[in-house]
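A short worksheet on the structure shown next.
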Amino acid sequence: MMEAQVVAALGGHQLGSWETAEEANGYQAVCLNSGGSVFVSDKSVYSILTDTCITQEVDGPETE
């Protein structure tokens, strides 16, 4: 789960709490901004998070 959290954070995603996904024997967290999710089990990681969160695309870095 830690690796999935790091990858999400690097893309600007803010994951909510990890919740048990009992039907798939794993855990799922949803980005509080984009609504994308990531699933982690002992066998796999499946993410439908975009590379960059929508908040990063809208706000973007400030330039002077």
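Taking the criterion of being among the aliphatic types (A, V, I, L, M) and surrounded by 14 or more Cβ atoms within 10 Å (Cβ to Cβ), the residues of segment 25-47 that qualify are A29, V30, V38, V40. Considering only segment 1-38, state which residues are of a type in the set (S, T, Y) and not in a strand (DSSP E or B). Listed by number, the residues that qualify are S17, S34.
Quick note: the coordinates plus some simple rules give every number you see, no bench work behind them. No experiment lies behind these values; they were computed from the predicted model shown. Glycine gets a Cβ as well: all are built from the backbone with ideal geometry, and neighbour counts include every protein chain shown.
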